[in-house]
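The values are calculated or read from the model by the stated rules, or taken from the named source; none is laboratory data. In this text, all values refer to a predicted model and were calculated from it rather than measured experimentally. Positions of Cβ are generated from backbone atoms using ideal geometry, with glycine treated the same way; all protein chains shown enter the neighbour counts.
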Amino acid sequence: MIEAFKKRRTQYALGKNLPLPPKEIDALIRETVRLAPSSFNSQSSRAVILFGAESVKFWNIVKEALRPIVPAADFPNTDKKIDSFAAGAGTVLFFEDEAVVRDLQEKFPLYAANFPGFSMQSGGMAQFAVWTALANIGVGASLQHYNPLIDAEVAKAWNLPTSWKLMAQMPFGSNEAPLAAKTFVPDETRFRSFA
């Protein structure tokens, strides 16, 4: 399993050449989210899987949302960055269903304040699981966060339930450049063990 985790890396140089047909990638993503753990077995994570023109449509929404707030002199760099995400084969939009969270808060009032955090943790595990699953079949990806700037337009474009809160966006595709070496802070900074 650790070897699988080592393959999961940030890839910005994406292409459209997938090792499997989109239908199989879609099935892999669905099964991975389905199997990701969640507090109280809430299964609050939701995913919208976009391929081809639908993925490009998403990144155009991001670009147009950024255009009025990024200084004009800086926009060419932003444009290039967004285009690199759109150059991939697809994008996974990760959501958490707030209706599920509210329902759990009502059913278990003792833990009510904790459920939003539990939901975030469940979503993070789903994102990590999908990213790792994609890396294991040779598909590159990165995790982006243009929410909440784009939330309303995304919900409208794909007619999504109002209870779905956008958490992250994962462009994916073929690895068109070598992955950069990963660096680590010293173990003494991150860990404490006691026996």
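Within region 76-120, take every residue that is outside any strand (DSSP E or B) and of a type in the set (Ser, Thr, Tyr) and give me the one that is surrounded by the most Cβ atoms within 10 Å (Cβ to Cβ).
This residue is 119.
Only one of 65, 36, 4 is among the aliphatic types (A, V, I, L, M), more than 16 Å from the chain's Cα centre (by Cα) and under 17 Å from residue 167 (Cβ atoms); which?
Sole residue among the options that is among the aliphatic types (A, V, I, L, M), more than 16 Å from the chain's Cα centre (by Cα) and under 17 Å from residue 167 (Cβ atoms): 65.
Tell me yes or no: at least one residue of region 55-71 is in a helix (DSSP H, G or I), crowded, with 19+ Cβ neighbours inside 10 Å and free of Cβ contacts under 8 Å to residues at least 60 places away in the same chain.
yes
Failed condition for residue 28, given (1) modelled with pLDDT of 95 or more; (2) out of contact with any helix residue (DSSP H, G or I) (no Cβ under 6 Å at 6 or more places or on another chain), with all others met?
(2)
Checking the conditions here, which among 132, 162 is surrounded by 14 or more Cβ atoms within 10 Å (Cβ to Cβ), at pLDDT 95 or above, more than 22 Å from residue 81 (Cβ to Cβ) and of a type outside the set (Gly, Ala, Ser)?
On inspection, the qualifying residue turns out to be 132.
Considering only region 174-192, I want to know if a residue exists there that is touching a Leu at 6+ places or on another chain (Cβ under 8 Å) and not acidic (Asp, Glu).
yes
For region 174-185, check the following and say yes or no: at least one residue is within 20 Å of residue 28 (Cβ to Cβ), surrounded by 17 or more Cβ atoms within 10 Å (Cβ to Cβ) and modelled with pLDDT of 95 or more.
Yes, some residue in region 174-185 is within 20 Å of residue 28 (Cβ to Cβ), surrounded by 17 or more Cβ atoms within 10 Å (Cβ to Cβ) and modelled with pLDDT of 95 or more.
Is it fair to say residue 123 is touching a strand residue (DSSP E or B) at 6+ places or on another chain (Cβ under 6 Å), part of a helix (DSSP H, G or I), among the small types (Gly, Ala, Ser) and in contact (Cβ under 8 Å) with a residue 12 or more places away in the chain?
For residue 123, the condition - touching a strand residue (DSSP E or B) at 6+ places or on another chain (Cβ under 6 Å), part of a helix (DSSP H, G or I), among the small types (Gly, Ala, Ser) and in contact (Cβ under 8 Å) with a residue 12 or more places away in the chain - is met.
Yes/no per residue for (1) within 21 Å of residue 159 (Cα to Cα); (2) not β-branched (Val, Ile, Thr):
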residue	(1), (2)
27	no, yes
32	no, no
70	no, no
93	yes, yes
106	no, yes
113	no, yes
